[in-house]
1. Given the conditions (1) modelled with pLDDT of 95 or more; (2) over 24 Å from L114 (Cβ atoms); (3) loosely packed, with under 14 Cβ neighbours inside 10 Å, which single one is not true for A269?
2. Collect the residues in region 43-59 that are closer than 17 Å to V182 by Cα and in contact with a Ser or Thr (Cβ under 8 Å, 6 or more places away or on another chain), keeping them in residue-number order.
3. Which ones in region 174-190 are within 13 Å of the ligand (Cβ to nearest atom) and within 16 Å of A62 (Cβ to Cβ)?
4. Among the numbered criteria (1) over 22 Å from H111 (Cβ atoms); (2) within 16 Å of the ligand (Cβ to nearest atom), which single criterion is violated by G29?
5. Give me the pairs: first residue in region 10-31 and assigned by TED's automatic domain parsing to the domain that holds K212 and within 14 Å of Y239 (Cβ to Cβ), second residue away from the ligand (no atom under 16 Å from the Cβ) and not in a helix (DSSP H, G or I), beta-carbon distance under 9 Å, and six or more apart or on different chains, which are they?
6. What is the one condition in (1) more than 24 Å from E246 (Cβ to Cβ); (2) more than 12 Å from the chain's Cα centre (by Cα) that Q83 does not satisfy?
7. Among the residues of region 181-189, is any touching a residue at least 60 places away in the same chain (Cβ under 8 Å), under 28 Å from K44 (Cα atoms) and either more than 17 Å from the chain's Cα centre (by Cα) or open to solvent by 50 Å² or more (accessible area, probe 1.4 Å) (or both)?
8. Quick one: H111 ticks every box in (1) within 16 Å of the ligand (Cβ to nearest atom); (2) more than 22 Å from V60 (Cβ to Cβ); (3) open to solvent by 10 Å² or more (accessible area, probe 1.4 Å) bar one, so which box is it?
Amino acid sequence: MTSIGEVRLGHIEFINCLPLAYGLSHGFGEGLDIVTGPPAMLNKMVIEGQLDISPVSSIVFAKHSEKFLVLPDVSISANGYLQSILLVSKRPIAKLDDARVALTSKSATSHVLLKIIMNKAYQVTPEYYTSTATTQSEALAQSDAALFIGDDALYAYHNRFLGYYYYDIGREWQKLTGQGMVYAVWVANREFALKYPDLLHMVYKKITGGFKYGLGRLEAAADTVTAKVPFTSEQITDYLKLLKYELEPDFQAALLTYYKLASELKLIADIPDLAFAEVR
Ligand SMILES: C=C(OC1C=C(C(=O)O)C=C[C@H]1O)C(=O)O
């Protein structure tokens, strides 16, 4: 590999990554081979070595940490409420013992997060299954409650069914732990990072620069998608202001709390070290 054009970069297709998408389409993505999709698709590709750098669900880093190095200062995080990790339920959450709960097939982090919250905060153990349903009516036709992420969750957040219960899982996590939550981190394939440090550095600068560019122009970024998505510009900017895209020590600590609770419930084998890539 000799040129930046050969680096395969993953990109999440949700509005949560709109600031980066805007930056990438305004110069920062020039020459990059960008693969866009939902987190579950990028997770699979980066595990299989089909992407060199990509956002991954933070639980995926824990399960495959030997394969990856984490990029510093980049993540999808929030302190509490975030609107886009949502449990829609026909009953109050505390009454979901023995219920059937549908988990969106687009996610990985939120599945484990919900299981931790159900177990530790509400002492309930429903039956979980993965579903490709993207709407409330479809998912709840076969279940008592359904977990959505990304744009599907945001749509459910703004279009509530009368009589259903809505739980912002970021807020539930904050109530349980007192901490924020890191939903996704950006990783580089370890071999790629060690073999091509200059390319890694260049792509890292494009990701962080692209984010900064988009975050500085949120209204303009939102205006580029309002014709294609069922949200107003204001709904998009209000949502994006709830998200944090750094990986400061507080968020690193929050991530380790998540890993600790996940390992207590045997949802991951062990708590990984956050091994960072050398990018400067
Ligand atoms: C906040 C979000 O962050 C994400 C949630 C993920 C997950 O649950 O696995 C993965 C990547 C991000 O898209 C969201 O999608 O709503």
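The values are calculated or read from the model by the stated rules, or taken from the named source; none is laboratory data. Computed from a predicted structure; not experimentally measured. Positions of Cβ are backbone-derived with ideal geometry, glycine not excepted, and every protein chain shown enters the neighbour counts. Ligands, DNA and RNA are stripped out before the accessible areas are found, and what is left, the full protein with its side chains, is counted by its heavy atoms. Shrake-Rupley method; radii C 1.70, N 1.55, O 1.52, S 1.80 Å.
1. (2) is the only condition that A269 fails.
2. Matches in region 43-59: N43, S57, S58, I59.
3. M181, V182, Y183, A184, V185, W186, V187
4. All conditions pass for G29, except number (2).
5. Between residues of region 10-31 that are assigned by TED's automatic domain parsing to the domain that holds K212 and within 14 Å of Y239 (Cβ to Cβ) and residues that are away from the ligand (no atom under 16 Å from the Cβ) and not in a helix (DSSP H, G or I), the close pairs are L18/T224; P19/G216; P19/R217.
6. Here Q83 meets the rest and fails (1).
7. yes
8. (2) is the only condition that H111 fails.
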